[in-house]
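Down below is the structure, laid out as structure tokens.
The values are calculated or read from the model by the stated rules, or taken from the named source; none is laboratory data. The model shown is predicted, which means the values in this text are computed figures rather than measured ones. Using ideal geometry, Cβ is built from the backbone for each residue, glycine included, and neighbour counts are taken over all protein chains shown. Heavy atoms of the whole protein, side chains included, go into the accessibility calculation; ligands, DNA and RNA do not. Shrake-Rupley method; radii C 1.70, N 1.55, O 1.52, S 1.80 Å.
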Amino acid sequence: MKQSMIKGTGMFVPPNIVTNQDLEEIMDTSDEWIRQRTGIRQRHWITEECGSSDLGYEAAQKALDMAGWTPEDLDFIIFATLSPDIMFPGSGCLMAARLGLNSTPVLDIRQQCTGFLYGLATADAYIKSGLAKKILLVGGEVHSSGLDKSTRGRDVTVIFGDGAAAVCLEGIETDEKVGLLASALHADGHFASSLMTELPASRLVDRFPKELSLDDPRYYPVMDGPAIFKKAVRMLPKVTNEALTTAGITLDQIDLIIPHQANKRINQAFGQFLKVPEDKVFHNIENYGNTTAASIPLALHEAMEQGRIGTSGQIVLFAGLGAGLTWGASIYKFF
Ligand code: ACO
């Protein structure tokens, strides 16, 4: 039986750091409010033209180096983003071209904060079915160019950061119960309007309505923060238990939980609900904010670099909820 193994990880964030104090200069907010409500101290925002594919390219190079692969070794690429470089084609095609590839298949997915979890499950299905052996999975976002940086958009704008992270996955033949042990994925479009960017909209006869100014709030992300917060705290433990049941393991066998980094308070509440010690839940939101599809692989890369996870036999659980709404959990055992 082929199992999906992580052979390399990489991350990249634009060098420009935007602190909470920097945001105080441009909108009515405070370092205290942001830290208390979200745990975020700073985020990285681009300062010059740079797409999600460009950030993804840098992260991908690092993951490929760690795996000891060249781009030509890849037989499939998955790119997860809610902020594609341009309307079309997708960022995956643009990144693959930068990697020097001209025929490798590429799939872009639009599952927001659970993009990495959906990507992992898709990669695993490609590997198990024999459709691919060596897959590059990238999550990348450039949020900053589309945020409302006035006080009107402060609830959303302070939480988002730019960044990318990548993993190389390989199908390895083994009878051992290792690699991706389980994925549980869900979506409920009834809550689409609780977190969305509505315009431009191809469903309209005029995609850019002429009567609206480009400063109309519908061109920016809007979020019902408290509603999403409550949903996350309720659904994350539920989907975690579902993934544990599928994997046939118990919570005490999990060495580290790497949740999506949307809000430190959500993740602390998630950990308390599961009754796990605080140090079993990994956080790096303080340095990057919410980098959406990049958030879980970025946290995985840092957790591995810090020696928190990655030793043979250790088990990590990923979980997240975001726009869609979409939510999910995955369990991975290191070989
Ligand atoms: N600075 C200062 N004050 C602010 C800010 C800000 N940046 N933003 C909002 N406020 C004010 C509000 O105006 C409100 O003031 P009022 O009481 O006078 O009306 C007050 O702070 C409280 O606002 P709430 O929205 O109730 O604040 P809350 O404690 O819920 O925190 C937050 C807001 C951080 C957004 C939180 O709701 C949250 O994290 N929600 C979940 C986010 C999430 O998980 N998103 C999904 C992933 S993202 C994705 O999928 C793309």
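Quick check: net charge around I17, other residues with Cβ under 13 Å of its Cβ, Lys/Arg +1 and Asp/Glu -1? Can you show the working numbers first?
Details: positive: R41, R43; negative: D22, D162, E286.
Local net charge: -1.
Rounded to a whole number, what is D in µm²/s for the chain from Stokes-Einstein with the Kirkwood radius over alpha-carbon pairs (20 °C, 1.002 mPa s)?
Estimated diffusion coefficient is 107 µm²/s.
So what are the three principal axis dimensions of the range 154-247 from its Cα atoms, in whole Å, longest to shortest?
Rounded to whole Å, the extents work out to 62, 30, 28 Å.
Students often check this: by mean Cβ neighbours within 10 Å, which of 46-59, 229-242, 72-85 ranks highest, and how do the rest follow?
72-85, 46-59, 229-242
What base-10 log of the normalised intensity I(q)/I(0) is obtained for the range 179-333 from the Debye formula, alpha carbons as equal point scatterers, at q = 0.08 Å⁻¹?
-0.27
Find which of Y288, L298, G179 sits farthest along the positive direction of the dipole of the range 179-333, computed with +1 on the beta-carbon of Lys and Arg, -1 on that of Asp and Glu, about the Cα centre.
Toward the positive end, the furthest listed residue is G179.
Using Cα-Cα distances under 8 Å and only pairs 6 or more residues apart, what relative contact order does the range 2-173 have, in percent?
Across the range 2-173, relative contact order equals 37 percent.
Give, rounded to the nearest 20 debye, the magnitude of the charge dipole that the range 179-333 has about its Cα centre when Lys and Arg contribute +1 at Cβ and Asp and Glu contribute -1 at Cβ.
320
Using +1 at the C-beta of Lys and Arg and -1 at the C-beta of Asp and Glu, which of V233, A123, Q42 has the Cα lying farthest in the positive direction of the dipole of the chain?
V233
Which of K134/K230; K62/K230; K62/K238; K134/K275; K2/K62; K128/K264 have a Cα-Cα distance over 31 Å? Let's see the in-between values first.
Numbers: K134/K230 38 Å; K62/K230 36 Å; K62/K238 34 Å; K134/K275 37 Å; K2/K62 25 Å; K128/K264 35 Å.
Distance filter (> 31 Å) returns K134/K230; K62/K230; K62/K238; K134/K275; K128/K264.
Any idea what the relative contact order of the range 179-333 is, in percent, if you count C-alpha pairs under 8 Å spaced at least 6 apart?
Working: 241 pairs, mean separation 58.5, N = 155.
Relative contact order of the range 179-333: 38 percent.
Please give the net charge around C93, taking every other residue with its beta carbon less than 12 angstrom from that of C93, where Lys and Arg add +1 and Asp and Glu add -1.
-1
Around K62, under 13 Å between beta carbons, what's the net of Lys plus Arg minus Asp minus Glu among the other residues?
That sum, taken over residues with Cβ under 13 Å, equals -3.
When the accessible area of the range 2-173 is computed with all protein chains present and a 1.4 Å probe, what percentage of it is carbon and sulfur? Present the calculation step by step, with values, prior to reporting the outcome.
Values: 3430 of 7010 Å².
Of all accessible area on the range 2-173, carbon and sulfur atoms account for 49 percent.
Taking the Cα centre of the chain as the origin, how large is its charge dipole in debye, to the nearest 20, when only Lys and Arg (+1) and Asp and Glu (-1) carry charge on their Cβ atoms?
Values: 30 positive and 40 negative charges, 194 e Å.
For this selection, approximately 940 debye.
Rounded to the nearest 500 deg cm²/dmol, what is the calculated helix-only ellipticity per residue at 222 nm for the chain, with -39500 (n - 2.57) per DSSP H run of length n ≥ 4?
-9500 deg cm²/dmol
Pick from G189, G289, G161: which is most flexible by mean-square fluctuation in a GNM of the chain where alpha carbon atoms under 10 Å apart are linked?
G189
Would you mind getting the accessible area per residue of the chain, heavy atoms of the protein chains only, 1.4 Å probe, in Å²?
43
Mind listing the long-range amide H neighbours of I109? Cut-off is under 5 Å, sequence gap 5 or more, other chains count too, H placed in the peptide plane at 1.01 Å from N.
Those qualifying (amide H under 5 Å, at least 5 residues apart or on another chain) are F79, A80, T81.
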